[in-house]
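Only one structure is covered here, and it is reproduced in the block below.
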Amino acid sequence: MTDIRSRLMAEAHHHMPQGVAENYRYWGDERTVFIQSAHGCTLTDVNNKKYVDFRLGYGPIILGYNDARIDDAVINHIKAHGTLTGFATELDTQVVQDIKKLCPNIDKMRFANSGTEAVMGAVRTARGFTKRDRIAIVEGAFHGLYDEMMWKIDVESWDPHGKEEPQIIPFGGGIPQSTRSLLDIIPLNDHDALTSLFARRGDSLAAIILEPIIGNCGSIAAEPAWLQLLRDLCTRNGTLLIIDEVKTGFRVAAGGAQQLYGIYADLTTYAKAMGNGYPVAAFGGRADVMNVVGSFAGGVVHGGTYTANLIGMSAAHATLDILTNTHAYARINQAGSTIRAILGRVFTRAGIEHCFAGPDAMFGIHFTPEVPNNYRDWRRTNSSLYRAFAWRLIEHGVMLEPDSREPWFICEAHERMDFAWLEDVAGRAMREALDEMASIP
Ligand SMILES: Cc1ncc(COP(=O)(O)O)c(C=O)c1O
């Protein structure tokens, strides 16, 4: 008899490319996950298998799935006020005020529906303010699906022990070559590459956009001195620093990565954790920069039918209230550090060289003795052992992305999980992964 998952997968193939709603959900015909329900930190798939989830929908879930505090606030708000009218509401200002309480880097903001849109808004605003066109990003980054951001180094086909530089390639088909022409890509934590970028492009660079803790590269993080140099070079050259806090914002600390570093951007993007899973995003920063956005002659265009819809905005208002007025971060960080300690014991017992990168609420695991300094270093880690370990964990009911470039996400609800169970299954998964690796000729 075919199981429910396989039947749904076969049917979905008739209706969607690869049988999924977006590319990143396709894990192969045998492994693509179909979810029935999600509560707290637990997922239940359509075959009734339960997982403790550390993937958390790529990071938005900061409190837990189905959190009644947020869901009730959203339901009550939309029952009273509707979902959207295309007009201003009092809630628009309230959510900016909520954010400003936590993020001293923000004077003014605008809203969006996804991280991609927030990044598009920030980049256009930076170009409008500086009247320059060029932008730069950091290797290993992901800033969403907008064409100009869809270029990366081809780390897979690069020889990490050779002398050649990695090639720069598009993420996939349909990305016009012309969208590469205004973009530079530099390695994180490389002082020479940074100074040389500004020497070449200082007067044409509108913005550099980065995640100081790379949520798309196993939480590999900028060294404070490198980030400070970047901040100083931006200031000296009239280039805007855009910090993409789509993953780190309201997660790694109330004030995001910028609070941890004490180094502040001119413009910042937020999404994910700000709505605990409801679709809401924002970009903002310095008032003088944001004031170029507007419908006056020469103003930077920003809009969107669903922008600041009341579903996302009421979710953000409720989530930010909890993050501001409860001990949620202490609980999240405590759960994260307990989980790291458990995994560390498992790796040590198995004799695996390992390190953790990034903060407790969003940490990466790398099978290598020292924390990688950038994406090129990541290529030298034992990512195939990680992949084998991750697939075994998934079989045992621990959900995560089977790629060490995606961090482990922690939410408040993880404080109630069974930690002894995790230690047991992680130990088993590692033994099985090592056996599997040993059997590969
Ligand atoms: C740092 C960063 N920026 C932007 C995005 C794009 O966000 P979205 O998927 O909401 O468009 C992502 C998505 O993972 C991200 O991690």
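What follows is calculated from the coordinates using simple rules that are stated; it is not laboratory data. Worth saying up front: this structure is predicted, and the values here are computed from it rather than measured. With ideal geometry, Cβ positions are generated from the backbone for all residues, glycine too; neighbour counts draw on all protein chains shown.
By the gyration tensor of its Cα atoms, with a ≥ b ≥ c the square roots of the eigenvalues, what is the shape of the chain: rounded for a/c under 1.5, prolate for a/b over b/c, or oblate? Kindly include the intermediate steps, with their values, before the conclusion.
Numbers: a/c = 1.58, a/b = 1.18, b/c = 1.34.
It is oblate, given that a/c is not under 1.5 and a/b is not larger than b/c.
Mean residue ellipticity at 222 nm from the helices of the chain, using -39,500 (n - 2.57) per DSSP H segment of n ≥ 4 over the full residue count, to the nearest 500 deg cm²/dmol?
On the way: 13 runs with 163 residues, N = 441.
Computed mean residue ellipticity for the chain: -11500 deg cm²/dmol.
Looking at region 134-274, what % of its DSSP beta bridges pair antiparallel, to the nearest 5? List each step's numbers first, then the result.
Numbers: 5 of 20 bridges.
Antiparallel bridges: around 25 percent, rounded to the nearest 5.
If the cut-off is 13 Å between C-alpha atoms, which aspartates and glutamates fall inside it for K79, apart from same-chain ones fewer than 8 positions away?
Within the straight-line cut-off, K79 pairs with D71.
Could you size up the charge dipole of the chain around its Cα centre, putting +1 on the beta carbon of Lys and Arg and -1 on that of Asp and Glu, and report it in debye to the nearest 20? Kindly include the intermediate steps, with their values, before the conclusion.
Numbers: 42 positive and 52 negative charges, 112 e Å.
That gives the chain a dipole magnitude of about 540 debye.
Within 10 Å, count the other beta carbons around each residue, average over each peptide in 148-159, 217-228, 391-402, and list them highest first. Mind showing how you got there, number by number?
Values: 148-159: 15.9, 217-228: 21.3, 391-402: 19.2.
Ranking the peptides 148-159, 217-228, 391-402 by packing returns 217-228, 391-402, 148-159.
Could you give the nm distance between label points at D288 and R428, where each point is 7 Å from its Cα heading toward the beta carbon?
Here the answer is 6.1 nm between the modelled labels.
Highest first, please rank the peptides 26-34, 126-134 by the mean number of other Cβ atoms sitting within 10 Å of their residues.
Working: 26-34: 13.7, 126-134: 18.8.
My ranking of the peptides, most packed first, is 126-134, 26-34.
Points 7 angstrom from Cα along the Cβ direction at I75 and A193: gap in nanometres?
Modelled inter-label distance: 4.9 nm.
Could you compute the FRET efficiency for Q94 and M16, with r as their C-beta to C-beta distance and R0 at 51 Å, rounded to 0.05?
Details: r = 38 Å, r/R0 = 0.74.
Efficiency, from the Cβ-Cβ distance: 0.85.
Which one of I214, I168, I185 has the biggest mean-square fluctuation once the chain is modelled by GNM with Cα springs under 10 Å?
With Cα springs under 10 Å in the chain, the top fluctuation among I214, I168, I185 is at I168.
Which helices pass in the chain if a helix is a full DSSP H run, must span at least 20 angstrom along its long axis by Cα, and must have mean Kyte-Doolittle hydropathy not below -1.0?
Details: long enough: 115-130 (22 Å, 0.17); 310-325 (22 Å, 0.93); 328-349 (32 Å, 0.10); 419-439 (30 Å, -0.06).
Counting only whole DSSP H runs, the qualifying helices are 115-130, 310-325, 328-349, 419-439.
Collect residues whose amide H, placed 1.01 Å from N in the peptide plane, falls under 5 Å from the amide H of K152; neighbours closer than 5 in sequence don't count.
I169, F171
Kindly state, to the nearest 0.05, the FRET efficiency for K131 paired with D435, given R0 = 56 Å and r defined as their beta-carbon distance.
On the way: r = 60 Å, r/R0 = 1.07.
Rounded to the nearest 0.05, the efficiency is 0.40.
Quick check: residue separation of R416 and D159 times 0.36 nm, minus the Cα distance between them. What number comes out in nm?
Values: separation 257, 0.36 × 257 = 92.52 nm, distance 4.37 nm.
Gain in length upon complete extension: 88.1 nm.
Near V301, within a Cβ-to-Cβ distance under 14 Å, what is the net charge of the other residues, with Lys and Arg +1 and Asp and Glu -1? Intermediate values should be presented prior to the final figure.
Values: positive: R110, R124, R127; negative: E117.
Neighbour charge sum, excluding V301 itself: +2.
Once fully extended, how much extra length lies between L183 and K49, figured as 0.36 nm per residue of separation less the alpha-carbon to alpha-carbon distance? Show your work: numbers first, answer last.
Numbers: separation 134, 0.36 × 134 = 48.24 nm, distance 4.47 nm.
Here the answer is 43.8 nm.
Using the charge dipole of the chain (Lys, Arg: +1 at Cβ; Asp, Glu: -1 at Cβ; taken about the Cα centre), state which of Q259, H366, F142 has its Cα farthest towards the positive end.
The one lying farthest along the dipole's positive direction is Q259.
What fraction of the DSSP beta bridges in the chain is antiparallel, stated in percent and rounded to the nearest 5? All intermediate terms of the calculation are to be shown ahead of the outcome.
Working: 27 of 45 bridges.
If I count the DSSP bridges inside the chain, around 60 percent turn out antiparallel.
Take the cross-link list K131/K247; K108/K152; K101/K272 and give me the ones stretching past 20 Å between alpha-carbons. Provide the component values of the computation, followed by the final result.
Values: K131/K247 28 Å; K108/K152 31 Å; K101/K272 18 Å.
The answer is K131/K247; K108/K152.
In what sequence, highest mean first, do 419-425, 15-21, 378-384 appear when ranked by Cβ atoms within 10 angstrom?
Values: 419-425: 15.4, 15-21: 13.3, 378-384: 18.3.
Those peptides, ordered most packed to least, come out 378-384, 419-425, 15-21.
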